[in-house]
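I have placed the structure first, in the form of C-alpha cells, so that the comments after it can refer back to it.
The values are calculated or read from the model by the stated rules, or taken from the named source; none is laboratory data. Quantities reported herein were computed from a predicted structural model and do not represent experimental measurements. Reconstructed Cβ throughout: ideal geometry from the backbone, glycine too, with neighbour counts over all protein chains shown. Each accessible area value is taken on the protein alone, full model and side chains, heavy atoms only, with ligands, DNA and RNA left out. Shrake-Rupley method; radii C 1.70, N 1.55, O 1.52, S 1.80 Å.
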Amino acid sequence: MSTLLFRLTNVPEDEADEIRALLQSNGIDYYETSAGNWGISMPALWLIKDEDLFKARQLLDEYQHQRLITEREKYLQLKKSGANISFISSIKERPLRFIVYLGAILLILYASFKMVFEFGLKF
C-alpha cells in the first residue's frame, strides 16, 4: 500500500523539484498526485514501498534542515543589502494597486455592516 511522504500544497516548485531529485538519486520509488483540474485534490508525493519510509523520512528531514539554513541565509543577505520586500516597500512600489485593494476592502466592509444594521433594525 502507498504511503504519504510529502504534501506539495503551497510548496515552491524549486523545492518540489529538489525533493523529487533527492528521492530519485537515492533509488526510492514514488509517485506524485496533482491538485486535479479543479485544484481540490491533495498534491503529494507517495512512496510505493512502505519499507522505504524510514530512509525517505531521514533524507527529507536532512534536506529540510539544510534548506532552512540556506533560505535563512538568503533572507538575511537580502535584509542586510536592503533588497528584501517588506509591506511598506510593496506599497511604495505599487501605490495604485494598494489604493484599489484598500478601497475594495472598505467597500465590502461598508456593505456588510450596512446590511447587518439595516436587517437588525427591522426586527
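Key figures for this structure:
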item: Residues of region 10-36 classified as outside any helix (DSSP H, G or I), in contact with a strand residue (DSSP E or B) (Cβ under 8 Å, 6 or more places away or on another chain) and under 18 Å from Arg57 (Cα atoms), total; result: 5
item: Count - residues of region 70-105 that are of a type in the set (A, V, I, L, M), in a helix (DSSP H, G or I) and open to solvent by 100 Å² or more (accessible area, probe 1.4 Å); result: 2
item: Filter result (open to solvent by less than 40 Å² (accessible area, probe 1.4 Å) and outside any strand (DSSP E or B)) within region 37-60; result: Pro43, Asp52, Ala56, Leu59, Leu60
item: The listed residue being at pLDDT 95 or above, of a type outside the set (Ser, Thr, Tyr) and in contact with a helix residue (DSSP H, G or I) (Cβ under 8 Å, 6 or more places away or on another chain), out of Leu102, Leu53, Leu47; result: Leu47
item: Selection from region 106-123 of residues that are in a helix (DSSP H, G or I), of a type outside the set (A, V, I, L, M) and exposed (fewer than 10 other Cβ atoms within 10 Å of the Cβ); result: Phe117, Glu118, Phe119, Gly120
item: Scan of region 21-35 for residues that are within 17 Å of the chain's Cα centre (by Cα) and open to solvent by less than 50 Å² (accessible area, probe 1.4 Å), ordered by number; result: Thr33, Ala35
